[in-house]
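**Q** I have a structure here, written as structure tokens, and I will follow up with some questions on it.
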Amino acid sequence: MPMDKVFVVGDSHAIALAEGAKRLGANTGMAYLSGNDWHSGTVRFHRKLGLVAVGRPGFQKRMKEACAQLETDSLLQGDHVVLTSLGYQLGRLLPPMRRNGHGFACVSEGDPHPVVSSGFVAATVHAKRAGQIELVRKLARRRRVIVVSPPVLKRTPEDDLVRDIIGSALTGAGAELVDTRFVLPDDGVLPDAFRHEDGIHGNAEYGEFILKHVRENVLANA
Amino acid sequence: MADHPYTSLPPEAFWKTGVAEPGFFGLSHLWRSSFAFDEPPSFATFGSCFAQHFGREVRARGLTWVDAEPAPALTPPDVLRDFHYGVFSARTANIYTGAQFAVWADLARDPESCESIELWPEGDRWRDCLRPLIEPDGFSSADEARAMLRQSARAFRAAVETADVLVFTMGLTEGWEHRDTGQVYALCPGTQAGQFDPDQHVFRNYDYLATRASLERALESLWTINPNLRVLLTVSPVPLVATASGSHVLEAVGYSKATLRAVAGDLAKAFSDVDYFPSYEIIAGAPARSMFFEPDMRSVAKAGVNAVMGHFFGGLGVDLSAISSKSASLETEDGPTDEDLVCEERILESYADG
């Protein structure tokens, strides 16, 4: 599948992906919305447009502009690649689980107190991400969807476990997953050269690196 | 006419003036706490299904309920329920018998002794035999199962250390043990988890002496942890789901509840820091005319729970008006019903049709 046109949609991590697509010469449309809105279920599936965000006219405007850029009426129609960063928003998952000092029994050394089980973590993640996983399922029924996980800033067993759970749910819903832990060099942590000046996102170089991987290892295998 | 002890008894000492004339809704002075509180006490709650009402109602009235094993922040309600957080003061699951209670008290005394608790493999998952249904799919490894059990034992200990009053609601005299090790089980192996082995697993119907010995052992452990702890014993009015005693289930319920009731009352007389609250009598006694039982004649309706709690908080000796209530609708039909309770014993119902 060619990567001439790319429709990037997702949270703030979508920005670097869109910049990467542009650097590779793809005609790129992009619509993003704060991870908080994805987390809270603001974004809904729409049979014609693909996605709509309740009470977020800015997102609707960006979706419309992206469609115009790609000469289509909908995320669901056209010959563009659908690339998304949705499904994760780890900042809304891990900190609450740690707020009362909880560690994960399955990965913590020395039996710290208190801990939660891996089953509990999975159930919590599934409950909090059910809406987004369902979005992916509905999108993936209609067209190919590639999800790019957010870059890892610091690798921990807890972070790895939650990423594994989400990744499994996304692929189970029909998405193709680009798990950046296994794409970025060395230990899968975002290198300084790929780090945005805000310290928590990837930069355009990162986006270009990931999009090259998508083009050469994901789309080429289609 | 000569004076005798009955001439000076209060009205509640006579059936006519204490029960027949006032009727159920006129019952008064049914219970007065033997504990005196300078300040509103904090409560830890453990026991059978019915024990869950005490925790909920303590919280609803703005009193302190000790949650020694809280879930992480912002856990979805369904997950909280599925993983038994906030049900009891630690994630012990239901503790139905005195024997189970004694095991938990021992574990609280020495959480490292969790190493000796039997684990049940189930495919690539693991369950501990004290609370085999505490997690829907069990644990991912034996190590994880042990770590989580140790944590719950520590939490049970923390609840005992923290609480002013521990409410233990006794539910059953019937249980199962390992023939050789004496390991006490929460459920008959094979009914919902584990595998039943007639050569290893034996039925016990703990009699008065055995139940009393277990409770005394538990009390000794609890007071070793917190010498100031006061223990309030109650007996669940909820009948057994099933009996393995060989008797008709109705007769088995009579034996079980009578035994538990006698032990609780005698312990309350024997120890100044033990009291008995008559949940059983309020719901199952003749004055209620079984009106608080649902059509299955087993589950207790919300109105019955309200009646129990009315007597409980009315006799507690604490001025609740000074405490901000978190619920204004306790006397309505709304709120948690028996269906909302977490009751492992109910699994036995599925075997009723053979």
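**Q** How about the stretch B:310-337: which of its residues are at pLDDT below 95, part of a helix (DSSP H, G or I) and open to solvent by less than 50 Å² (accessible area, probe 1.4 Å)?
**A** The one that is at pLDDT below 95, part of a helix (DSSP H, G or I) and open to solvent by less than 50 Å² (accessible area, probe 1.4 Å): B:LEU320.
**Q** If you check A:GLY41, A:GLY50, A:GLY78, A:GLY91, which single one turns out to be at positive phi and within 14 Å of chain B (Cβ to nearest Cβ)? Before you say what the answer is, go through the steps one by one.
**A** Working: A:GLY50 fails: within 14 Å of chain B (Cβ to nearest Cβ); A:GLY78 fails: within 14 Å of chain B (Cβ to nearest Cβ); A:GLY91 fails: at positive phi.
Answer to the selection: A:GLY41.
**Q** Just wondering, is there one or more residues in the stretch A:140-152 that are within 14 Å of chain B (Cβ to nearest Cβ) and either open to solvent by less than 10 Å² (accessible area, probe 1.4 Å) or of a type in the set (Phe, Trp, Tyr) (or both)?
**A** Scanning the stretch A:140-152 turns up no residue that is within 14 Å of chain B (Cβ to nearest Cβ) and either open to solvent by less than 10 Å² (accessible area, probe 1.4 Å) or of a type in the set (Phe, Trp, Tyr) (or both).
**Q** For the stretch B:67-85, does any single residue satisfy the condition of being within 14 Å of another protein chain (Cβ to nearest Cβ), of a type in the set (Gly, Ala, Ser) and surrounded by fewer than 20 Cβ atoms within 10 Å (Cβ to Cβ)? Walk me through it before giving the result.
**A** Residues of the stretch B:67-85 within 14 Å of another protein chain (Cβ to nearest Cβ): B:67-85.
Subsequent filtering for residues that are of a type in the set (Gly, Ala, Ser) retains B:68, B:71, B:73.
Those still in the list that are surrounded by fewer than 20 Cβ atoms within 10 Å (Cβ to Cβ) too: B:73.
Yes, there is a match, as at least one residue in the stretch B:67-85 is within 14 Å of another protein chain (Cβ to nearest Cβ), of a type in the set (Gly, Ala, Ser) and surrounded by fewer than 20 Cβ atoms within 10 Å (Cβ to Cβ).
**Q** Related question: Quick test of your reading of the structure: A:HIS126 fulfils all but one of (1) of a type outside the set (D, E, K, R); (2) surrounded by 20 or more Cβ atoms within 10 Å (Cβ to Cβ); (3) under 20 Å from B:ARG81 (Cα atoms). Name the failing condition by number.
**A** Single failed check for A:HIS126: (2).
**Q** Here's another thing I want to ask about it. Only one of B:ARG157, B:ARG131 is within 12 Å of chain A (Cβ to nearest Cβ) and basic (Lys, Arg). Can you tell me which?
**A** Details: B:ARG131 fails: within 12 Å of chain A (Cβ to nearest Cβ).
Result of the check over B:ARG157, B:ARG131: B:ARG157.
**Q** Okay, moving on. Within the stretch B:129-152, can one find any residue that is touching a residue at least 40 places away in the same chain (Cβ under 8 Å), under 30 Å from B:ALA60 (Cβ atoms) and among the charged types (D, E, K, R)?
**A** Within the stretch B:129-152 (the criterion being touching a residue at least 40 places away in the same chain (Cβ under 8 Å), under 30 Å from B:ALA60 (Cβ atoms) and among the charged types (D, E, K, R)), the answer is yes, since at least one residue qualifies.
**Q** Answer yes or no as to whether A:ILE133 is β-branched (Val, Ile, Thr) and not in a helix (DSSP H, G or I). Give the steps one after another, and end with the answer.
**A** Numbers: β-branched (Val, Ile, Thr): yes; not in a helix (DSSP H, G or I): no.
Against the criterion (β-branched (Val, Ile, Thr) and not in a helix (DSSP H, G or I)), A:ILE133 does not qualify.
**Q** Also, quick follow-up: Exactly one of (1) of a type in the set (Asp, Glu); (2) within 14 Å of another protein chain (Cβ to nearest Cβ); (3) under 27 Å from B:PRO227 (Cβ atoms) is unmet by B:GLU144. Its number?
**A** (3)
**Q** I need a count of the residues in the stretch B:94-131 that are closer than 15 Å to B:GLY175 by Cβ and open to solvent by 30 Å² or more (accessible area, probe 1.4 Å).
**A** Counting residues in the stretch B:94-131 that are closer than 15 Å to B:GLY175 by Cβ and open to solvent by 30 Å² or more (accessible area, probe 1.4 Å) gives 1.
**Q** Considering every residue within the stretch B:173-183, establish whether at least one is open to solvent by less than 10 Å² (accessible area, probe 1.4 Å) and of a type in the set (A, V, I, L, M, F, W, C).
**A** Looking through the stretch B:173-183, none of the residues is open to solvent by less than 10 Å² (accessible area, probe 1.4 Å) and of a type in the set (A, V, I, L, M, F, W, C).
**Q** Can you name every residue in the stretch A:1-36 that is open to solvent by less than 20 Å² (accessible area, probe 1.4 Å) and of a type in the set (Asp, Glu)?
**A** Of everything in the stretch A:1-36, just one residue is open to solvent by less than 20 Å² (accessible area, probe 1.4 Å) and of a type in the set (Asp, Glu), namely A:ASP11.
**Q** Report the residue count in the stretch A:200-217 for those that are open to solvent by less than 70 Å² (accessible area, probe 1.4 Å) and either free of Cβ contacts under 8 Å to residues at least 24 places away in the same chain or under 17 Å from A:MET30 (Cβ atoms) (or both).
**A** Of the residues in the stretch A:200-217, 10 are open to solvent by less than 70 Å² (accessible area, probe 1.4 Å) and either free of Cβ contacts under 8 Å to residues at least 24 places away in the same chain or under 17 Å from A:MET30 (Cβ atoms) (or both).
**Q** So, in the stretch B:13-26, exactly how many residues are open to solvent by less than 80 Å² (accessible area, probe 1.4 Å) and in contact with a Pro (Cβ under 9 Å, 6 or more places away or on another chain)?
**A** Within the stretch B:13-26, residues that are open to solvent by less than 80 Å² (accessible area, probe 1.4 Å) and in contact with a Pro (Cβ under 9 Å, 6 or more places away or on another chain) number 7.
**Q** Ok, one more. From the list B:LEU80, B:LEU119, pick out the single residue that is aliphatic (A, V, I, L, M) and in contact with a Cys (Cβ under 8 Å, 6 or more places away or on another chain). Full working, then the answer.
**A** Working: B:LEU80 fails: in contact with a Cys (Cβ under 8 Å, 6 or more places away or on another chain).
Exactly one residue qualifies, and that residue is B:LEU119.
The values are calculated or read from the model by the stated rules, or taken from the named source; none is laboratory data. Small disclaimer: the values here were computed from a predicted structure and weren't measured. Every residue, glycine as well, gets a Cβ built from its backbone with ideal geometry; the counts of neighbours run over all protein chains shown. Note: accessible area is taken over every heavy atom of the protein model, side chains too, but ligands, DNA and RNA are not part of it. Shrake-Rupley method; radii C 1.70, N 1.55, O 1.52, S 1.80 Å.
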